[in-house]
1. Quick check: is even one residue across the range 15-30 out of contact with any His (no Cβ under 9 Å at 6 or more places or on another chain), of a type in the set (Phe, Trp, Tyr), in a loop (DSSP other than H, G, I, E, B) and surrounded by 14 or more Cβ atoms within 10 Å (Cβ to Cβ)?
2. Could you name every one of the helices (runs of 4 or more DSSP H) located completely within the range 112-167 that has at least 3 residues being over 30 Å from Met88 (Cα atoms) and either modelled with pLDDT of 75 or more or polar (S, T, N, Q) (or both)?
3. If Pro178 satisfies all but one of (1) surrounded by 13 or more Cβ atoms within 10 Å (Cβ to Cβ); (2) more than 19 Å from the chain's Cα centre (by Cα), what's the number of the condition it fails?
4. What is the residue count in the range 74-103 for residues that are open to solvent by 40 Å² or more (accessible area, probe 1.4 Å) and either among the aromatic types (Phe, Trp, Tyr) or in a strand (DSSP E or B) (or both)?
5. In this structure, is Val55 part of a strand (DSSP E or B), modelled with pLDDT of 90 or more, open to solvent by less than 50 Å² (accessible area, probe 1.4 Å) and touching a Ser or Thr at 6+ places or on another chain (Cβ under 8 Å)?
6. What are the residues in the range 58-69 that are assigned to a loop (DSSP other than H, G, I, E, B) and surrounded by fewer than 15 Cβ atoms within 10 Å (Cβ to Cβ), if any?
7. What residue, among those in the range 182-219 that are among the polar types (S, T, N, Q) and under 18 Å from Tyr154 (Cβ atoms), is least open to solvent (accessible area, probe 1.4 Å)?
8. Which one of the conditions (1) modelled with pLDDT under 95; (2) of a type in the set (Gly, Ala, Ser); (3) closer than 21 Å to Pro178 by Cβ does Ala28 fail to meet, given that it meets all the rest?
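The values are calculated or read from the model by the stated rules, or taken from the named source; none is laboratory data. The model shown is predicted, which means the values in this text are computed figures rather than measured ones. Please note: Cβ atoms are built from the backbone with ideal geometry, for glycine as well, and neighbour counts cover all protein chains shown. Just so you know, the surface numbers come from the protein's heavy atoms only, side chains and all, with ligands and any DNA or RNA stripped out. Shrake-Rupley method; radii C 1.70, N 1.55, O 1.52, S 1.80 Å.
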Amino acid sequence: MLSNEHQAILRKNSLFADFGECEFLQIAQKSSYLELKKGACLFEQEQPAVSFFLVVKGNMKMTLLSLKGDEKVLHIIGVGNIFAEAIMFLERKKYPVNAIALGCCSLIQVNAKHYLETLEKSPKVCFKIMASLSQRLHWLLAEVSNLTLHNGTYRLVGFLLNNAQQQVAEKKPRVSLPISKNVLASKLSIQPETLSRIFKKLSKDGLLKVEDHRIVLLQMDKLQQILDTEI
């Protein structure tokens, strides 16, 4: 059974928010809290999928291995986000990717079978869950489009603008990278050396400034123009 703190975290997610209190407690009883060390593998591709997960702390990366053994980062899952949830609705319940902790991570593990059994008793909640999953599918399709239709500069600038955080003290938008630049390059389908060249070019043009794992966005309007012109 999850602690009250972890129940509250789970309850905020759209996949759980609409359940009645009794139904939610039934799900919480079958859920558990996990802690992973950096580099730990949560599950591997083709492993039977019996659970899905919510990130409480840290970041998880979803990866695939090429025929040459190279790792391809498909997605980075951050705090408050669910992953592997769609698999429970498929007939073939196997994880399609590998899930690896980028650093020390804390997760809530939800029993997929018990979740579905609870969901079947509440058609209204079921339709709301379908809407939530449809929105996520729409976002993933946009992500695929971004990777296939646009060049490396467009992808990087889009990532930076989407993840920009307003720094109150200097009043300049910053992006604190939660991942290494090599992982970022893989996520954006860019070679690491190409990513470095793009950073140098944008820095030389005065659009941003690289400070270790923090990126200061100096000219937001010009960065946005890169996206608007669809390079």
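1. Checked the range 15-30: at least one residue is out of contact with any His (no Cβ under 9 Å at 6 or more places or on another chain), of a type in the set (Phe, Trp, Tyr), in a loop (DSSP other than H, G, I, E, B) and surrounded by 14 or more Cβ atoms within 10 Å (Cβ to Cβ).
2. 152-162
3. Pro178 satisfies all of (1) surrounded by 13 or more Cβ atoms within 10 Å (Cβ to Cβ); (2) more than 19 Å from the chain's Cα centre (by Cα) except (2).
4. The total comes to 3.
5. When the stated conditions are applied, Val55 passes them.
6. Ser66, Leu67, Lys68, Gly69
7. Ranking the qualifying residues of the range 182-219, first place goes to Ser186.
8. With (1) modelled with pLDDT under 95; (2) of a type in the set (Gly, Ala, Ser); (3) closer than 21 Å to Pro178 by Cβ applied to Ala28, the lone miss is (3).
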